[in-house]
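The values are calculated or read from the model by the stated rules, or taken from the named source; none is laboratory data. As the structure is a prediction and not an experimental result, all values here were calculated from the model. Every residue, glycine among them, receives a Cβ derived from its backbone with ideal geometry; neighbour counts consider all protein chains shown. Only protein heavy atoms, including side chains, enter the accessible area calculation; ligands, DNA and RNA are left aside. Shrake-Rupley method; radii C 1.70, N 1.55, O 1.52, S 1.80 Å.
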Amino acid sequence: MPEQTRKLAAIVFTDIVGFTKLSAGNEPAALALLEKQRELLKPIVEKNGGSWLKEIGDGLLLSFETTKDAVDCAIEIQNIVKEVENLNLRIGIHQGEVVFQGNDVIGDDVNIAARIEPFAAPGGVAISGRVNASLERDPDFETHYLGQPQ
């Protein structure tokens, strides 16, 4: 069993809006889009101090040491991808104590981050209350409470 390390992290999930439909209608274009996503986003994640943990279909699982780094990265990603046809992302961010096991991350806080992502608007970023609490005193950020997910 790989070594396990427990630590506090900001977990980011991304998903390409409409990817299933694109893939069903034009698989080569869908595969090219995944490569374009990798090419554009990996340098942004690295620049913001993030770890590219894995790709899950058309989605990404990323981790950051701070919520600010995660949010800065998400905003930069959304600003870059809006210029790329069909690369319309939803991004969800949550912070919590997780278990790093090899090149993977597990734990309930990872699951929470995954459940937050679908609530982001296409081209937007949804954050948990914990992430919001860490940004409240930073004048560089303005957030809007959308309510409790059902």
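Looking only at residues in the stretch 39-67 that are outside any helix (DSSP H, G or I) and hydroxyl-bearing (Ser, Thr, Tyr), which one is farthest from residue 104 (Cα to Cα)? Give the steps one after another, and end with the answer.
Step one: of the stretch 39-67, the residues outside any helix (DSSP H, G or I) are 48-66.
Filter once more, so that each one left must be hydroxyl-bearing (Ser, Thr, Tyr): 51, 63, 66.
Numbers: 51: 10, 63: 10, 66: 18 Å.
If we take residues in the stretch 39-67 being outside any helix (DSSP H, G or I) and hydroxyl-bearing (Ser, Thr, Tyr), then 66 is farthest from residue 104 (Cα to Cα).
Of all residues in the stretch 1-49, which are acidic (Asp, Glu) and buried (at least 18 other Cβ atoms within 10 Å of the Cβ)?
Once the filter is applied, which keeps residues that are acidic (Asp, Glu) and buried (at least 18 other Cβ atoms within 10 Å of the Cβ), the stretch 1-49 yields only 15.
Do we have any residue at all in the stretch 116-137 that's closer than 23 Å to residue 5 by Cβ, open to solvent by 60 Å² or more (accessible area, probe 1.4 Å) and either under 11 Å from the mean Cα position of the chain (by Cα) or modelled with pLDDT under 95 (or both)?
Looking through the stretch 116-137, at least one residue is closer than 23 Å to residue 5 by Cβ, open to solvent by 60 Å² or more (accessible area, probe 1.4 Å) and either under 11 Å from the mean Cα position of the chain (by Cα) or modelled with pLDDT under 95 (or both).
Condition first: in a helix (DSSP H, G or I) and among the acidic types (Asp, Glu). Now tell me which residues in the stretch 1-38 satisfy that.
Answer for the stretch 1-38, where residues must be in a helix (DSSP H, G or I) and among the acidic types (Asp, Glu): 27, 35.
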Quiz item: Taking the stretch 50-81, which residues are open to solvent by 10 Å² or more (accessible area, probe 1.4 Å), farther than 20 Å from residue 24 by Cα and touching a Lys or Arg at 6+ places or on another chain (Cβ under 9 Å)?
Solution: 52, 65, 67, 76
Exercise. List every residue pair whose Cβ atoms sit under 6 Å apart, with the two residues 6 or more apart in sequence or on different chains, where the first one lies in the stretch 96-108 and is under 9 Å from residue 4 (Cβ atoms) and the second, anywhere, is of a type in the set (S, T, N, Q).
Key: 99/4; 100/5; 101/4
Self-check item: When residues of the stretch 68-123 are limited to those that are of a type in the set (Asp, Glu) and in a strand (DSSP E or B), the one farthest from residue 21 (Cα to Cα)
Solution: 97
Practice problem: Please indicate, with yes or no, whether at least one residue in the stretch 64-77 is in contact with a helix residue (DSSP H, G or I) (Cβ under 6 Å, 6 or more places away or on another chain), modelled with pLDDT of 95 or more and over 25 Å from residue 136 (Cα atoms). | Solution: no
Exercise. Answer yes or no as to whether residue 84 is among the aliphatic types (A, V, I, L, M), over 24 Å from residue 24 (Cβ atoms) and either surrounded by 12 or more Cβ atoms within 10 Å (Cβ to Cβ) or modelled with pLDDT under 95 (or both).
Key: no
Quiz item: Do you know which of the residues in the stretch 1-25 that are modelled with pLDDT under 95 and of a type in the set (S, T, N, Q) is farthest from residue 96 (Cα to Cα)?
Solution: 23
